[in-house]
Amino acid sequence: METKKDVYFVTRRQAIRLGAGALGFAAFSRVFPAYGADAVSNAAITAVGETVSGSKYKKNGSFRIGFSNGFSGNTWRTECLYSVKKEASQHKEVTDFIIVDGQGDISKQVNDIENLVSQNVDAILCIPNSGSAVAPALREATKQGIVTIPFNLPVDGEAWTAFTGTDPEKKGFGLGKWLRETLGDSAKIVALGGLPGNSYTASAWAGAQKAFQGSNIQVLAFRDAYWEEDRAKVVMADLIAAYPQIDGVWCDGSQVAAGATKALLAAKRPLVPVTGDDYNGLLKLYQEQSGNYPKFKIGLLSEPTWEGVIALRTALKLLNGEDVPKRQIIEPRLITSENYKDYLRPALPDGVFVDTDLSDDELKTLFKS
Amino acid sequence: MSSPGRLSQALRFLNKVGAVWIAVILLYLVSGLISPGMFQVSQALNILQIAAFLGIVAIGQTLALLVGGIDLSVAGVVTMSNIVVTSLMVGRSDTLIPALAISLLLAAAVGFINGSLITLARVTPLVATLGTNSILFGAALVYTGGAPHGSISPEFAVCGQGHLFGLPVSTICWIAIGLAMAWITRQTTFGRRLYAVGANPAAARLMGVPINRILIATYVLSSVMACLGGLLLTSYIGSPSLGIGDQFLLTSVAAVVVGGTALSGGSGSILGTIGGAIFITELNSFTNIVRVSTGSRFVLQGAVIALSVLMYHLVGSKRTSSQTNHQ
């Protein structure tokens, strides 16, 4: 299999100037005609794997697009849904954009995908509840000539058309590397993950451990914190009691980092460096507390809520007969104490994920604040 | 024969004080020996502070189990109170009282609906309350549009984060509510009727107990307790989350059962449940601290809960057989 790689960067300002839409997309395609990965924010996107030819998917006229969302009910998904719906409304050729919600149920999502197939959609976007469970349904859809684009979370095998998302292992490695550089090689840390047994945290943590290799960094504990602030605060309070010295906290999500930081505050312990993603609550907490605790640092890699926009644009490119990369891996920039103010949204609720293509006004409407 | 007599005496004593308290102390000693951090006063207080959230929710669950039912909507009520109170308070002090009042009223309404479904529509408690739970989650999604906003006022944060006379305020609230509910269930007509309905509804009906009214009141109380637990948890963390209540769906039942209340109704106590909630929190805390893998933690937690229920059965059956012998 031929493997080609390409990376390019575009800053948020550039993206906005270019309209973050069709105009920007056209401009980038010209620069990187063969593997025109797409971007709406200041992330780098790597094209991985062979190029998928759009010629066999090319259709004329209008398109029906389906989106099988695994579940809704956290703010990341809410923002993602809003962004992708907005994007769909901006493409006149998309006559129907059908969203189905798997309600966190693995078998319901499989059923949802089958229903979309029977509704004769031209493309299916999908955030899987389970990367293995949806694979056969997507394979069947792909066989029938439907463009299938899983995004955000990976789907087993390669029997889908193209994928967009971050690489959790790379992200975990990046966060681990930052923590190692910040704390030095002989620190004692604890690690807090998401839901027990989820593959995202498992991959991210595997990446982090690679970053710690060859150092004397001691991992005192790895615990599940359900990506919830309250759960993380409770777990961290226990770990504080057990370990008199905790120099840093590795987390794959910033709600967890915020919960852990609040536990340190409650125990009147000095704040320490934490890792996470682009949750506004942690940025606000950092803004509020960093003056009091000089050792408090943040090293964050975002999980862009505009991934769905890239997925939809990829589907449309294929339906227009253009080639796309098999995998577009989003490589978000590091948010640290130095540049966090570019991302912080002080007037918006904690729940906002700040690496978004939505404006403050749109977010205010969305969060009813 | 003196030794079986002494054994049955010991068992009866255990049953009276609640075997769970012995388990609470044993677990504390074992975990402290393994991880000395558990013996710190601050950690003991931390466990009591965190146990308060589950503890109050479980008090409501105890009432539902005592009448022979179950309340699986407690998870939804916790989430609802978290979402409602943060969105109405939005960090301001002047909205504190109305926000709390509205949360409690909504919870009472949920309990009333549960009770009515169970008594008037004759839906089994498990199905009715699980249905309500699902509706509440859906309502929270619709209300927030999936994007919850708001925060608590600084005054309200004292309930979940503050200390009074060296004790966490949440623990003090829990003890006060626990004692009040223990008194209500043991000393009032309502309490005695509650046990009667759970033990034998047909007999209770013949004795003139207004079963429907008792059941509805029980589910209202259960929801209100879940709301109070949710409010304290909200005060502890300060922000809204749509998944905040999920953890209580089954742990509330586990705490009650570990505390010695029978799933079949009519037998159990609030004080036992308080011990049960401390036990579950202690167990979580212990498994957080010891160096075991995620899988082993779940196995350990499940095994300890199953074992304690098994012990109750053994103690219960021994007691019954020794009572039969005496007769």
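A compact table of results
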read-out: Qualifying residue in the stretch B:149-156 (condition: free of Cβ contacts under 8 Å to residues at least 60 places away in the same chain, among the acidic types (Asp, Glu) and over 27 Å from B:Val67 (Cβ atoms)); value: no
read-out: Qualifying residue in the stretch A:301-317 (condition: touching a Gly at 6+ places or on another chain (Cβ under 8 Å) and more than 23 Å from A:Val256 (Cα to Cα)); value: yes
read-out: Single residue of the stretch A:86-120 satisfying the filter (within 24 Å of A:Lys317 (Cβ to Cβ) and aliphatic (A, V, I, L, M)) that is farthest from the other protein chains (Cβ to nearest Cβ); value: A:Val117
read-out: So A:Ser41, is it more than 14 Å from chain B (Cβ to nearest Cβ), crowded, with 21+ Cβ neighbours inside 10 Å, closer than 16 Å to A:Gly308 by Cα and at pLDDT below 90; value: yes
read-out: Qualifying residue in the stretch A:248-268 (condition: under 19 Å from B:Gln49 (Cβ atoms) and outside any helix (DSSP H, G or I)); value: yes
read-out: Some residue of the stretch A:286-299 being among the hydroxyl-bearing types (Ser, Thr, Tyr), touching a helix residue (DSSP H, G or I) at 6+ places or on another chain (Cβ under 8 Å), under 20 Å from A:Gly174 (Cβ atoms) and not assigned by TED's automatic domain parsing to the domain that holds A:Gly253; value: no
read-out: Odd one out for A:Gly321, checked against (1) assigned to a loop (DSSP other than H, G, I, E, B); (2) touching a residue at least 24 places away in the same chain (Cβ under 8 Å); (3) out of contact with any Lys or Arg (no Cβ under 9 Å at 6 or more places or on another chain); value: (3)
read-out: Test: residue in the stretch B:149-169 that is touching a His at 6+ places or on another chain (Cβ under 8 Å) and modelled with pLDDT of 95 or more; value: yes
read-out: Residues within the stretch B:269-305 that are surrounded by fewer than 16 Cβ atoms within 10 Å (Cβ to Cβ), more than 9 Å from every other protein chain (Cβ to nearest Cβ) and not in a helix (DSSP H, G or I), tallied; value: 1
read-out: All strands (runs of 3 or more DSSP E) inside the stretch A:126-234 with 1 or more residues being hydroxyl-bearing (Ser, Thr, Tyr) and under 18 Å from the mean Cα position of the chain (by Cα); value: A:163-166
read-out: Checking A:Asp101 against (1) crowded, with 19+ Cβ neighbours inside 10 Å; (2) closer than 27 Å to A:Thr356 by Cα; (3) out of contact with any strand residue (DSSP E or B) (no Cβ under 8 Å at 6 or more places or on another chain), the condition it does not meet; value: (3)
read-out: Top-ranked residue of the stretch A:213-240 - restricted to ones that are touching a helix residue (DSSP H, G or I) at 6+ places or on another chain (Cβ under 9 Å) and among the small types (Gly, Ala, Ser), ranked as nearest to the other protein chains (Cβ to nearest Cβ); value: A:Ala237
read-out: Top-ranked residue of the stretch B:35-94 - restricted to ones that are more than 14 Å from chain A (Cβ to nearest Cβ) and of a type in the set (Ser, Thr, Tyr), ranked as nearest to the chain's Cα centre (by Cα); value: B:Thr62
read-out: Any hit, the stretch B:219-233, residues being more than 12 Å from every other protein chain (Cβ to nearest Cβ), among the aliphatic types (A, V, I, L, M), over 16 Å from B:Ile177 (Cα atoms) and surrounded by fewer than 23 Cβ atoms within 10 Å (Cβ to Cβ); value: no
read-out: Criterion (over 30 Å from B:Ala44 (Cβ atoms) and within 11 Å of chain B (Cβ to nearest Cβ)) met by exactly one of A:Tyr243, A:Tyr286, A:Tyr279; value: A:Tyr279
read-out: Only one of B:Thr95, B:Thr144, B:Thr79 that is surrounded by 21 or more Cβ atoms within 10 Å (Cβ to Cβ) and modelled with pLDDT under 95; value: B:Thr144
read-out: Flag if B:Pro98 is within 24 Å of B:Ile50 (Cβ to Cβ) and either more than 23 Å from the chain's Cα centre (by Cα) or among the aromatic types (Phe, Trp, Tyr) (or both); value: no
read-out: Close pairs (7 angstrom Cβ cut-off, 6 or more residues apart or separate chains): within 13 Å of chain B (Cβ to nearest Cβ) and under 17 Å from B:Val90 (Cβ atoms) in the stretch A:352-369, in a loop (DSSP other than H, G, I, E, B) and basic (Lys, Arg) anywhere; value: A:Val352/A:Arg345
read-out: Total residues in the stretch B:205-254, condition in a loop (DSSP other than H, G, I, E, B) and under 18 Å from B:Leu66 (Cβ atoms); value: 3
read-out: Filter result (among the small types (Gly, Ala, Ser), away from every other protein chain (no Cβ under 14 Å) and under 19 Å from A:Ala225 (Cα atoms)) within the stretch A:168-203; value: A:Gly172, A:Gly176, A:Ser203
read-out: Number of positions in the stretch A:51-85 that are surrounded by 15 or more Cβ atoms within 10 Å (Cβ to Cβ) and away from chain B (no Cβ under 14 Å); value: 11
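Per-residue answers, yes or no, for (1) more than 14 Å from chain A (Cβ to nearest Cβ); (2) more than 28 Å from B:Gly76 (Cβ to Cβ); (3) without any contact (Cβ under 8 Å) to a residue 60 or more places away in the chain:
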{"site": "B:Leu141", "(1), (2), (3)": "no, no, no"}
{"site": "B:Gly178", "(1), (2), (3)": "yes, no, no"}
{"site": "B:Asn200", "(1), (2), (3)": "yes, yes, no"}
{"site": "B:Met207", "(1), (2), (3)": "yes, yes, yes"}
{"site": "B:Ile214", "(1), (2), (3)": "yes, no, no"}
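The rows are residues; the columns are (1) surrounded by fewer than 21 Cβ atoms within 10 Å (Cβ to Cβ); (2) touching a Leu at 6+ places or on another chain (Cβ under 9 Å); (3) more than 9 Å from every other protein chain (Cβ to nearest Cβ).
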residue	(1), (2), (3)
B:Ser134	yes, no, yes
B:Gly138	yes, no, yes
B:Pro154	yes, no, yes
B:Pro168	no, yes, yes
B:Ile172	yes, yes, yes
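Listed here are the residues, each with its yes/no results for (1) touching a helix residue (DSSP H, G or I) at 6+ places or on another chain (Cβ under 9 Å); (2) without any contact (Cβ under 8 Å) to a residue 60 or more places away in the chain; (3) of a type in the set (Phe, Trp, Tyr); (4) over 19 Å from A:Tyr226 (Cα atoms).
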{"position": "B:Gly275", "(1), (2), (3), (4)": "yes, no, no, yes"}
{"position": "B:Phe279", "(1), (2), (3), (4)": "yes, no, yes, yes"}
{"position": "B:Leu283", "(1), (2), (3), (4)": "yes, no, no, no"}
{"position": "B:Asn288", "(1), (2), (3), (4)": "yes, yes, no, no"}
{"position": "B:Val292", "(1), (2), (3), (4)": "yes, yes, no, no"}
{"position": "B:Gly295", "(1), (2), (3), (4)": "no, yes, no, no"}
{"position": "B:Gly302", "(1), (2), (3), (4)": "no, yes, no, no"}
{"position": "B:Ile305", "(1), (2), (3), (4)": "yes, yes, no, yes"}
{"position": "B:Ser308", "(1), (2), (3), (4)": "yes, no, no, yes"}
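The values are calculated or read from the model by the stated rules, or taken from the named source; none is laboratory data. What you see is a predicted model; the values in this text were computed from it and never measured. Virtual Cβ from ideal backbone geometry, glycine too; neighbours counted across all protein chains shown.
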